[in-house]
1. Of all residues in the stretch A:14-43, how many are touching a residue at least 60 places away in the same chain (Cβ under 8 Å) and more than 17 Å from the chain's Cα centre (by Cα)?
2. Looking only at residues in the stretch B:33-51 that are facing chain A (nearest Cβ under 10 Å) and part of a loop (DSSP other than H, G, I, E, B), which one is farthest from residue B:18 (Cα to Cα)?
3. Kindly indicate whether residue B:64 is free of Cβ contacts under 8 Å to residues at least 12 places away in the same chain, under 17 Å from residue A:108 (Cα atoms) and surrounded by fewer than 20 Cβ atoms within 10 Å (Cβ to Cβ).
4. When the residues of the stretch A:1-16 are narrowed to those that are assigned to a loop (DSSP other than H, G, I, E, B) and touching a helix residue (DSSP H, G or I) at 6+ places or on another chain (Cβ under 8 Å), which ends up surrounded by the most Cβ atoms within 10 Å (Cβ to Cβ)?
5. Out of the stretch B:44-62, which residues are more than 24 Å from residue A:112 (Cα to Cα) and at pLDDT 95 or above?
6. Identify the single condition in (1) modelled with pLDDT of 95 or more; (2) within 16 Å of the chain's Cα centre (by Cα) that residue B:40 does not satisfy, given that it satisfies every other one.
7. Considering only the stretch B:93-115, I want to know if a residue exists there that is within 16 Å of residue A:77 (Cβ to Cβ), surrounded by fewer than 22 Cβ atoms within 10 Å (Cβ to Cβ) and touching a strand residue (DSSP E or B) at 6+ places or on another chain (Cβ under 7 Å).
8. Considering only residues that are more than 14 Å from chain A (Cβ to nearest Cβ) and either without any contact (Cβ under 8 Å) to a residue 40 or more places away in the chain or under 11 Å from residue B:13 (Cα atoms) (or both), which ones fall in the stretch B:88-98?
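The values are calculated or read from the model by the stated rules, or taken from the named source; none is laboratory data. Please read these numbers as outputs of a predicted model, since none were measured by experiment. Cβ coordinates were reconstructed from backbone atoms using ideal geometry, including for glycine residues, and neighbour counts include every protein chain displayed.
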């Protein structure tokens, strides 16, 4: 099994269990991407986790998480941005607590987002969580 | 606020300072304590995050450059915190960020209840920044020419060349010159006190 740069196998198993338990309801295709998957991370690099979901699931999440914001609002623009980039960040996805727990367990900054299959952010290399 | 409305709030922030400095400033504004990359207050836990979408060029675009600011903070109310208090605290935090001379825009369901409607498309934002920098309406006589800048009760004449440079920098940062002066003065004073 491939391990993200800077993590031990025990750490990776631990966060995989956490993610399956706390974010598995969103999707089971959970991946590490970015520099720690590529292997070119620096000591200060964060670790990027993504839950990759199909188009329909992504659109449903946009509707349920953003609601119907006023078209003249900044929130509406953040929603449009999420749609155009194919990425819902942790806060909007309701995953702040999971992001914080990942950071506590790993002692490094962590990012967690929901990405749309085939979207702008669906770019490897990836390391799937076990 | 309507019942069951989403109280999650994200504030996107444009500043040149490091993430650590931003974290400390948020803690200072909210009288919170720092726990890793979170500021814990009596009304919310506020996460400080580097924005993956940061793009210096796009961040200067109007009105949607805020999507590309280098940082954001996000928050939700702690349970047992009244909605009105939470929204009031978010508003105070937003004003505190503006008072640093930083650009900040709130994105949430209650933007319209925040100062300057959260800062998005806020034509009066410059006015509020000036007010916080240079005091009450009675005290100030804002000159049209930036070469004579009134800071509170004292007016400082600024060399024409410096005034020109100041205006250029202010325009490039889309920040009022008065806010820049205050920010720089604060930094110098802090340096002198260190």
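1. Count: 0.
2. Within the stretch B:33-51, the match that is farthest from residue B:18 (Cα to Cα) is B:36.
3. Details: free of Cβ contacts under 8 Å to residues at least 12 places away in the same chain: yes; under 17 Å from residue A:108 (Cα atoms): no; surrounded by fewer than 20 Cβ atoms within 10 Å (Cβ to Cβ): yes.
When the stated conditions are applied, residue B:64 does not pass them.
4. A:4
5. Of the stretch B:44-62, the ones more than 24 Å from residue A:112 (Cα to Cα) are B:57, B:60-62.
Answer for the stretch B:44-62, where residues must be more than 24 Å from residue A:112 (Cα to Cα) and at pLDDT 95 or above: just B:57.
6. The failed condition is (2).
7. Within the stretch B:93-115, not a single residue is within 16 Å of residue A:77 (Cβ to Cβ), surrounded by fewer than 22 Cβ atoms within 10 Å (Cβ to Cβ) and touching a strand residue (DSSP E or B) at 6+ places or on another chain (Cβ under 7 Å).
8. B:88, B:91, B:95, B:97, B:98
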